[in-house]
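Participant: This structure is in structure tokens; I'll ask about it shortly.
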Amino acid sequence: GMENVVKQIDRVGIGKYPAYLSFALGAGETTVLKLSNAYSALANNGVQYPPTLIDFIQDRTGKVIWRADTRRCNNCAMAEWDGKPMPRLAARGKQVIDPRTAYQVVHMLEGVVTRGTAAVLRDLGLPLFGKTGTTTGPTNVWFAGGSPNLVSVVYLGYDQPKSLGGFAQGGTLAAPIFKQLVQTTRTRWDGRPFIAPPDIRMVRIDHPHQ
């Protein structure tokens, strides 16, 4: 039911919405940063990390004077190693989606690239998942997705919403921009496929007759 849908939307940080049916189709407003972080949880087997625009700031001598990651590492500054286990930072991520559910969603969204509205990305030859979006108007268009190691979101629209034109769609405007990004930064994109977590079983099915 919609109560579970809006709870999950809130759990991954997209936003807080009333339990109306239209929100299952993306009727609510959100930001590029929030959506990027939600999709990163899908690619990371349901684990999500706090999003940051700036990781750290250094002074002119290279000393870190501000850091987004505030976790402390006890014993990291030991004068010498005493033979005990190496110190480790506490886990920072949070499980916001069941790993099996996250993989199933990613697996479905791979189909958007191979045979759906983002098929323009298919010839990149990379394991990619994603979703295009087009709002009423259309006043804005989206593409959100990525690979097992990188996620990106493309948004096009005006600050004061107005129509982008009758032919504007996420698959025809936003997805090609994402494609250009991948082509320009190709060496950063991992070619390894998405890996299913434990307890996922693949079952061969027959396609329905046309």
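The values are calculated or read from the model by the stated rules, or taken from the named source; none is laboratory data. Values in this document were obtained by computation on a predicted structure and should not be read as measured data. For accessibility, only protein heavy atoms count, side chains too; no ligands or nucleic acids. Shrake-Rupley method; radii C 1.70, N 1.55, O 1.52, S 1.80 Å.
Participant: At a 1.4 Å probe, what is the % contribution of carbon and sulfur to the accessible area of the chain?
Facilitator: Carbon-and-sulfur percentage of accessible area, whole number: 54.
Participant: Follow-up question, since we're still on this one. Taking only DSSP H segments of four or more residues, each worth -39500 (n - 2.57), what value at 222 nm results for the chain once the sum is divided by all its residues, to the nearest 500 deg cm²/dmol?
Facilitator: Mean residue ellipticity at 222 nm (helix-derived): -7500 deg cm²/dmol.
Participant: So, one more: Of the listed values [x] 9, 37, 35, 15, 4, 0; [y] 7, 25, 32, 22, 9, 3, 1, 0; [z] 8, 30, 39, 18, 4, 1, 0, grab the one calculated as P(r) over Cα pairs in 10 Å bins from 0, in percent from the structure here.
Facilitator: So the structure-derived entry is [y].
Participant: Who wins for biggest fluctuation among 162, 84, 94 in a Gaussian network model of the chain, springs between alpha carbons below 10 Å?
Facilitator: Comparing 162, 84, 94 in the GNM, the peak value goes to 84.
Participant: Straight-line reach from residue 162: which aspartates and glutamates fall under 19 Å, measuring Cα to Cα and dropping same-chain residues less than 8 apart?
Facilitator: Filter leaves 29.
Participant: Any chance you could look up the accessible area of residue 81 with a 1.4 Å probe, heavy atoms only, rounded to 10 Å²?
Facilitator: 150
Participant: OK, next. Using only the alpha-carbon atoms, how far is helix 99-115 inclined from the longest principal axis of the chain? Give it as 0 to 90 degrees, nearest 10.
Facilitator: For helix 99-115, the angle is close to 50 degrees.
Participant: Could you state the orientation-averaged shadow area of the convex hull built on the Cα atoms of segment 37-154, in nm² to one decimal?
Facilitator: Averaged projected area of segment 37-154's Cα convex hull equals 12.1 nm².
Participant: Please determine, in degrees from 0 to 90 and to the nearest 10, the orientation of helix 2-11 with respect to the longest principal axis defined by the Cα atoms of the chain, where the helix direction is its Cα long axis.
Facilitator: Between helix and principal axis, roughly 40 degrees.
Participant: Sorted by accessible area with a 1.4 angstrom probe, largest first, how do 110, 29, 80 fall?
Facilitator: Accessible-area ranking of 110, 29, 80, largest first: 29, 80, 110.
Participant: Okay, moving on. For 56, 167, give the ranking by accessible area with the largest first, probe 1.4 Å.
Facilitator: Ranked from most to least accessible, the order is 167, 56.
Participant: Beyond 19 Å, what share of the Cα-Cα pairs of segment 120-210 is found? Please give it as a whole percent.
Facilitator: 53
Participant: Let me ask something else about it. Taking every pair of distinct Cα atoms and averaging 1/r, then inverting, what Kirkwood hydrodynamic radius in Å comes out for segment 1-97? Mind dumping the intermediate values first?
Facilitator: Working: mean 1/r = 0.0603 Å⁻¹.
Roughly 16.6 Å, rounded to one decimal.
Participant: Further question on the same structure: So, taking all protein chains as they sit and a 1.4 Å probe, how much accessible area belongs to residue 22, in Å² rounded to tens?
Facilitator: Counting only protein heavy atoms, residue 22 exposes about 60 Å² to solvent.
Participant: Let me ask something else. Return the single residue from 28, 145, 133 with maximal mean-square fluctuation; model: Gaussian network over the chain, springs between Cα atoms under 10 Å.
Facilitator: Comparing 28, 145, 133 in a Gaussian network model of the chain, the most mobile one is 28.
Participant: I'd like the distance separating the alpha-carbon centroids of segment 1-70 and segment 163-210, in whole Å.
Facilitator: One Cα centre to the other: 20 Å.
Participant: Okay, moving on. Can you sort 88, 100 by 1.4 Å-probe accessible area, starting with the largest? Kindly include the intermediate steps, with their values, before the conclusion.
Facilitator: Working: 88 175, 100 100 Å².
Of 88, 100, the descending order of accessible area is 88, 100.
Participant: Above 16 angstrom, tally the Cα pairs of segment 76-143 and express them as a % of all pairs, no decimals.
Facilitator: 68
Participant: Could you name the lysines in cross-link range of residue 179, using Cα to Cα under 24 Å and dropping any fewer than eight places away on the same chain?
Facilitator: Residue 179 reaches 34, 131.
Participant: Ok, one more. Given Cα pairs under 8 Å that are at least 6 residues apart, what percent is the relative contact order of segment 1-126? Please list the in-between numbers first.
Facilitator: On the way: 122 pairs, mean separation 27.5, N = 126.
Relative contact order for segment 1-126 comes out at 22 percent.
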